[in-house]
Amino acid sequence: MGNSQIVAQLSINKIVELQRHPFISEISLEIMFRYLSLNNILFIFSAVLMEQKILFISENCYLLFIISQHFISLLFPFKWHHVYIPVLPTTHDNLLSSPTPFILGICTTDAKSLDIPSDVITVDLNR
């Protein structure tokens, strides 16, 4: 994986080096695009930028981590300074009522059993 960098030339005399977040790789990006359409990725990313409450649901805990971490990584060089729990135990689903922005993931097959407030953007990765 090494230290990836992208070089962009903005003018004849100026070269700017852009650093890529170390977590992002082509393989793991493929996973995200396999489960989400481009429109959904852009919608979720805009929700992250607007500091919304976002809940990812999947029966695969690894997938929850990979996809939620990608949205955190896409903020680079900025950072997410709110609640971030990529795999939240279902016994702690009361955090969904938190007044602060969050990115949470719940590993379950039955999303309908959760009491999800209306202001939470829900991304069901089981579909």
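What follows draws every value from the coordinates through simple rules; no lab data is involved. Being a predicted model, the structure only gives us computed values, none of them experimental. Cβ: placed from backbone, ideal geometry, glycine included. Neighbour counts: every protein chain shown.
What net charge is computed for the residues neighbouring G105, neighbours being all others with C-beta under 14 Å from the C-beta of G105, Lys and Arg scored +1, Asp and Glu -1?
After counting each charged neighbour, the total is -2.
I need to check one value: relative contact order of the range 21-106, counting alpha carbon pairs closer than 8 Å and at least 6 residues apart, in percent. Provide the component values of the computation, followed by the final result.
Working: 92 pairs, mean separation 31.7, N = 86.
The value is 37 percent.
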